[in-house]
1. Being under 18 Å from residue 498 (Cβ atoms) and touching a strand residue (DSSP E or B) at 6+ places or on another chain (Cβ under 8 Å) is the filter here, so list the residues in the range 406-441 that pass it.
2. All but one of (1) over 16 Å from the mean Cα position of the chain (by Cα); (2) surrounded by 24 or more Cβ atoms within 10 Å (Cβ to Cβ); (3) in contact (Cβ under 8 Å) with a residue 40 or more places away in the chain hold for residue 456; state the number of the condition that does not hold.
3. Suppose we keep only residues that are in contact with a helix residue (DSSP H, G or I) (Cβ under 8 Å, 6 or more places away or on another chain), assigned to a helix (DSSP H, G or I) and touching a residue at least 12 places away in the same chain (Cβ under 8 Å) within the range 584-600. Which one would you say is farthest from residue 108 (Cα to Cα)?
4. So which residues in the range 201-216 are surrounded by fewer than 24 Cβ atoms within 10 Å (Cβ to Cβ) and more than 20 Å from residue 367 (Cβ to Cβ)?
5. Only one of these is modelled with pLDDT of 95 or more, buried (at least 24 other Cβ atoms within 10 Å of the Cβ), more than 26 Å from residue 309 (Cβ to Cβ) and outside the structural domain of residue 104 (by TED's automatic domain parsing): 417, 410. Name it.
6. Is it true that some residue in the range 96-103 is within 22 Å of the chain's Cα centre (by Cα), without any contact (Cβ under 8 Å) to a residue 60 or more places away in the chain and crowded, with 24+ Cβ neighbours inside 10 Å?
7. Got a sec? Which of 202, 231 is in contact with a strand residue (DSSP E or B) (Cβ under 7 Å, 6 or more places away or on another chain) and within 29 Å of residue 486 (Cα to Cα)?
């Protein structure tokens, strides 16, 4: 079904896979060098066209367009305003698809929307009102273009199927673009995703995506690389099918994606009235890839990603055939993620030897596409979901899609069966809509199924489970009244309805400044919209207290700062920080604030040990080796340890919440994604790496770590810092903390204390 090549490969004429360079030379009759063939990928061409550095080893990218939604754009614009923003230099689209229900927190959600509208007017942007479209569907319909690059402040910013290289990053990276700066990275590796064959009837894009994620996530095969989709199987897939696979590439931890394009993609642009934005993309006749994932589409079966990660994949047939064993395995894996906070079992989901689920949802940027919902309607037509616990909801990804589903009768077929059809909304994906009952099991065509991602609260003793599936098998399960069923078991006639896009829906409702700024417009600030607090520059020496220690194999950004209703506070840095690590380590905020007292004392010109009594023996120990250390050359703050933090969302608040609570660093064995590490750096936090085994660390929660001359280390471009652990009994142990690769700009940002300070000068 899927094969990973253990070394680089060459692709000839877009179809022939060759592993040996000599064979390539024989077949082409040319003296081809690997370095030249590496320039033959689509990814290389697009990156080269957007690079401003003059070197393809160290890229400085300027994007064509930007996009954000309503739990990221306030913080981004506030940061840019504090750094000197005058107008948006490139098209910047502000969508409202996360806090669009305006259901909690009083006026704060709609206040954010009004902030967005007035900023779009003042700075020359585009404002998409709530319920019109989820961020990525609007981008597909209105922003994407062949050979273009888009940067979004949402991790699932992926438009590769349309010939657009898109990346999801934390807000500070968008701030840089708004200030006419660049996105700085090393030239990423490029991995070919070679599609062969053709999907069987009943198999959908989520099935293919989950199979790829299952094969690549755990081993990091495509981590921080560009996934380039090639091969004869591509042409067998519709535009919607390709989009459905593409959006899920985020869950492999790749950097971005790009696909070869053809007449089906030209038709997509034509349908949306933008045929001029189509560009044919293909790799060169001989292209070299750092690796290859071979996917036989014909062998892909309906898949399910069991709780609590998109990579925890099985075929649905496997689950049904080995139900008790699979559920037991899931329960055992959950012990790590849930850390004993609740009693967790799935065995009660077995009813008459079959798996019974309480909820089905098709939604968002992954599931809410036209073809997915049409297929679901074809499957459930003439059936009904029953009147027991099982519920079924469908969210079209945009109002234009919704309108066409109404016109062609799909909505009627769904509703007649007992389905609730709702407006464009990202809630079921990030935990702000359709939260299941305690201990319930939900199947969703959405992007993620992390613990509590669906909205339950571990700290309140609540737990629910989400499994990811394709819309077709969710509809088949709904037609079977909640009993897990692969769509391939259903005898269905798929109508293959044609899509018609009504551009007037957006033309009549979306505010588009056409790039013209109006400085006379006053920005509307609700009472929850707060400025970023002042942040100090990096001190000469640093004393860190470890205030949280996480030993999970991977720590998601959901665990660092929860999704769901906490998103309402993302316009309020200090208010949101109260939720930091609340589901993973509820004592974290209190510990961090206690340490912060010492730093505040230093800022006030006072002795830190007077504000924090426990510092006195620690400082005495430091003075034995460094007698010159005092409040004039020392900073005191907190740090956390996690084995591999940062999987998941691009949300910058996973880092900024630690920063505003006095955090100066993270210590990790490795960082799950580039975007989380970038977020740390942009908020002035040191991205330390330790090579110690996490089970036998030299430090533990509650210990202090003294890092002398840290400012000198950063300023002189050293790659590591010598540090000392001061533990119980004032034990003194030397350790080494590595910094990894840092650009000159990143070092300067850390020295200045954060990106805002860096741009203020």
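1. Of the range 406-441, the ones under 18 Å from residue 498 (Cβ atoms) are 406-413.
Residue satisfying the conditions is 411 alone.
2. With (1) over 16 Å from the mean Cα position of the chain (by Cα); (2) surrounded by 24 or more Cβ atoms within 10 Å (Cβ to Cβ); (3) in contact (Cβ under 8 Å) with a residue 40 or more places away in the chain applied to residue 456, the lone miss is (3).
3. We begin by selecting, within the range 584-600, every residue in contact with a helix residue (DSSP H, G or I) (Cβ under 8 Å, 6 or more places away or on another chain); these are 584, 586, 589, 592, 597-600.
Imposing the further condition that a residue be assigned to a helix (DSSP H, G or I) reduces the set to 589, 592, 597-600.
Checking which are touching a residue at least 12 places away in the same chain (Cβ under 8 Å) leaves us with 589, 592, 597-599.
Working: 589: 23, 592: 27, 597: 30, 598: 33, 599: 31 Å.
Among residues in the range 584-600 that are in contact with a helix residue (DSSP H, G or I) (Cβ under 8 Å, 6 or more places away or on another chain), assigned to a helix (DSSP H, G or I) and touching a residue at least 12 places away in the same chain (Cβ under 8 Å), the one farthest from residue 108 (Cα to Cα) is 598.
4. Passing the criteria: only 215.
5. Numbers: 417 fails: buried (at least 24 other Cβ atoms within 10 Å of the Cβ).
After ruling out the rest, the residue left standing is 410.
6. The answer is yes, given that some residue of the range 96-103 is within 22 Å of the chain's Cα centre (by Cα), without any contact (Cβ under 8 Å) to a residue 60 or more places away in the chain and crowded, with 24+ Cβ neighbours inside 10 Å.
7. On the way: 202 fails: in contact with a strand residue (DSSP E or B) (Cβ under 7 Å, 6 or more places away or on another chain).
One residue alone meets the criteria, 231.
Results for (1) modelled with pLDDT of 95 or more; (2) touching a strand residue (DSSP E or B) at 6+ places or on another chain (Cβ under 7 Å); (3) part of a loop (DSSP other than H, G, I, E, B), shown as yes or no for each residue.
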{"site": "60", "(1), (2), (3)": "yes, yes, no"}
{"site": "75", "(1), (2), (3)": "no, no, no"}
{"site": "102", "(1), (2), (3)": "no, no, yes"}
{"site": "105", "(1), (2), (3)": "no, no, yes"}
{"site": "116", "(1), (2), (3)": "yes, yes, no"}
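The values are calculated or read from the model by the stated rules, or taken from the named source; none is laboratory data. Every value quoted in this text rests on a predicted model; they were computed, and no experiment measured them. In this analysis, Cβ positions are derived from the backbone assuming ideal geometry, glycine residues included, and neighbour counts consider all displayed protein chains.
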